[in-house]
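Chemist: One structure follows; several queries about it will come next.
The values are calculated or read from the model by the stated rules, or taken from the named source; none is laboratory data. Model, not experiment: these values are computed from the prediction. All Cβ positions, even for glycine, are placed from backbone atoms using ideal geometry, and neighbour counts span all protein chains on display. What goes into the accessible areas is simple: the full protein's heavy atoms, side chains included, and nothing from ligands, DNA or RNA. Shrake-Rupley method; radii C 1.70, N 1.55, O 1.52, S 1.80 Å.
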Amino acid sequence: MNVEKILAKLVSFPVLGGESNLTILNWIKDYIESHGVTVHLVPNEEGSKASLHCRIGPATDGGVILSGHMDVVPVAGQDWTSEPFVLTDKGDGKLYGRGSCDMKGFLACCLATLPQMVKANLKKPVYFAFSYDEEIGCLAAPELARAIRTQYSETPKYAIIGEPSLMQPIVGQKGIYILETYVNGSAGHSSRIKQEVSAIHEAMRLILWLEGKMDQLIADGRTDERFHPPHSSIHVGLVRGGIAPNVIADKAYFYWDLRTIPMDDIESIVEEFKSHCRQREKELRKIFPGFAIKTIENHPPVPHLDTKADDDVVELIKKISGNSKLDTVSFAAEAGQFAKEGFHSAICGPGSIEQAHRADEFIEREQLEKGMEFMDKLITELSSDNFE
Ligand SMILES: [Zn+2]
């Protein structure tokens, strides 16, 4: 099967983030096994989803993990001019379909090169690491990266995450954390605003505290010009509370996110917010003893990626992609999670992130070819006695 046929097959599985992925998983598993390679699954608790990984080549330290996700984002409400789950060639050099670019194009390149990898005389191994639920917060990758570390007696060195980057090496990614904060105040007639504790008023103060925290980080010079914007951002995107203009709200809540540059620490910012909340609770319980603020996780934190420009993985990607301009991104990806597990990690894959998540998502044929060349050169590298 050539890369386009494989891509068409992968696109035909409409597996969204959050859904069971067994259909696409089993197809990929069967395909890999038909080439004589053993596949390991990392299932969720219910067995309704699983990541997969496998090794091609010798059980030797220093191999390369090729990582991608099998899920895609929804198409509902988007204005598609072709069938989203049918890979469509409109004769303009582009292949249209949901996931064609993000990131089944990369998976197709991996799978299409598998027969060659199996035949090659690899001195260092290649691993495939394909996850699920990436699009709803990179949920499966930490477990997958850990499984790879524990499954094999040898230790892989590199992880290349094939998110669309036009085959450019991406070495930085902000950390991301999404939280929900619930404020419990006391209800009453609006005229009693000084005797009760309005959950809305308190929620607004907390929101302003968060904004102030962001501004303080900027004022302290905590910036990293590799990123846009160059500072950590803190943002509230949803607020709910109250029932009427003349009723003091006893409940209010808001959802917020933190996107941190590598020099800032997600946990310590959240800890500072929580300690501010505990202080507010202490003060306001003098007016209303039941006053409470609770902050819970909406999504587990996705760690940042901060791979140094002279890291071995950067050298490797530069060599096989021919691209030497390093970049950073502001979207969440699994690269930081693989880095946290100790692998030298960077993002590099075919297609442009600009086409991701949109109606009429596409990948250019030329990008797929570049992805295939990348795989070819990787095999050559890994077959060389000098590869380290
Ligand atoms: Zn993606």
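Chemist: Please enumerate the residues belonging to segment 240-274 that are more than 30 Å from Glu225 (Cα to Cα) and either part of a loop (DSSP other than H, G, I, E, B) or of a type in the set (Ser, Thr, Tyr) (or both).
Modeler: Within segment 240-274, Gly242, Ile243, Ala244, Pro245, Asn246, Ala249, Asp250, Tyr253 meet the criteria.
Chemist: Given the structure, is Leu107 touching a residue at least 60 places away in the same chain (Cβ under 8 Å) and in contact with a Phe, Trp or Tyr (Cβ under 6 Å, 6 or more places away or on another chain)? Steps first, please.
Modeler: On the way: touching a residue at least 60 places away in the same chain (Cβ under 8 Å): yes; in contact with a Phe, Trp or Tyr (Cβ under 6 Å, 6 or more places away or on another chain): no.
So Leu107 does not fit the description; no.
Chemist: Looking at segment 291-312, is at least one residue assigned to a helix (DSSP H, G or I), out of contact with any helix residue (DSSP H, G or I) (no Cβ under 7 Å at 6 or more places or on another chain) and of a type outside the set (Ser, Thr, Tyr)?
Modeler: Kept after step one, since they are assigned to a helix (DSSP H, G or I), are these residues of segment 291-312: 312.
Those left that are additionally out of contact with any helix residue (DSSP H, G or I) (no Cβ under 7 Å at 6 or more places or on another chain): 312.
Still in the list and also of a type outside the set (Ser, Thr, Tyr): 312.
Scanning segment 291-312, I find at least one residue that is assigned to a helix (DSSP H, G or I), out of contact with any helix residue (DSSP H, G or I) (no Cβ under 7 Å at 6 or more places or on another chain) and of a type outside the set (Ser, Thr, Tyr), so the answer is yes.
Chemist: Let me ask something additional. Can you tell which of Asp311, Asp220, Asp215 is buried (at least 17 other Cβ atoms within 10 Å of the Cβ), at pLDDT 95 or above and among the acidic types (Asp, Glu)? If you could, list the steps in order and put the result at the bottom.
Modeler: Values: Asp220 fails: buried (at least 17 other Cβ atoms within 10 Å of the Cβ); Asp215 fails: buried (at least 17 other Cβ atoms within 10 Å of the Cβ).
Of Asp311, Asp220, Asp215, the one residue that is buried (at least 17 other Cβ atoms within 10 Å of the Cβ), at pLDDT 95 or above and among the acidic types (Asp, Glu) is Asp311.
Chemist: When segment 64-83 is examined, which residues are found to be part of a loop (DSSP other than H, G, I, E, B), open to solvent by less than 60 Å² (accessible area, probe 1.4 Å) and within 16 Å of the ligand (Cβ to nearest atom)?
Modeler: Answer for segment 64-83, where residues must be part of a loop (DSSP other than H, G, I, E, B), open to solvent by less than 60 Å² (accessible area, probe 1.4 Å) and within 16 Å of the ligand (Cβ to nearest atom): Met70, Asp71, Val73, Val75.
Chemist: Say we look at segment 139-173 and pick out the residues that are open to solvent by less than 10 Å² (accessible area, probe 1.4 Å) and assigned to a loop (DSSP other than H, G, I, E, B); which of these is farthest from the ligand (Cβ to nearest atom)?
Modeler: Within segment 139-173, the match that is farthest from the ligand (Cβ to nearest atom) is Glu154.
Chemist: Checking Val37 against (1) under 26 Å from Gln355 (Cβ atoms); (2) part of a loop (DSSP other than H, G, I, E, B); (3) among the aliphatic types (A, V, I, L, M): exactly one of these is not met. Which one?
Modeler: Result: Val37 passes all but (1).
Chemist: If we keep just the residues of segment 223-254 that are surrounded by 15 or more Cβ atoms within 10 Å (Cβ to Cβ) and among the acidic types (Asp, Glu), which is nearest to Cys277 (Cα to Cα)?
Modeler: In this case the residue turns out to be Asp250.
Chemist: Another question, if that's okay. Just for segment 108-138: of the residues that are under 19 Å from Phe387 (Cβ atoms) and open to solvent by 10 Å² or more (accessible area, probe 1.4 Å), which one is farthest from the ligand (Cβ to nearest atom)? If you could, list the steps in order and put the result at the bottom.
Modeler: Step one: of segment 108-138, the residues under 19 Å from Phe387 (Cβ atoms) are 110, 113, 116-128.
From the residues that got through so far, the ones that are open to solvent by 10 Å² or more (accessible area, probe 1.4 Å) too are 116, 118-124.
Values: Gln116: 25, Val118: 27, Lys119: 30, Ala120: 28, Asn121: 33, Leu122: 27, Lys123: 31, Lys124: 26 Å.
It comes out as Asn121.
Chemist: Given the criterion open to solvent by less than 10 Å² (accessible area, probe 1.4 Å), closer than 25 Å to Leu382 by Cα and of a type outside the set (Val, Ile, Thr), identify the matching residue among Gly36, Gly57, Gly105, Gly99.
Modeler: Values: Gly36 fails: open to solvent by less than 10 Å² (accessible area, probe 1.4 Å); Gly57 fails: open to solvent by less than 10 Å² (accessible area, probe 1.4 Å); Gly99 fails: closer than 25 Å to Leu382 by Cα.
After ruling out the rest, the residue left standing is Gly105.
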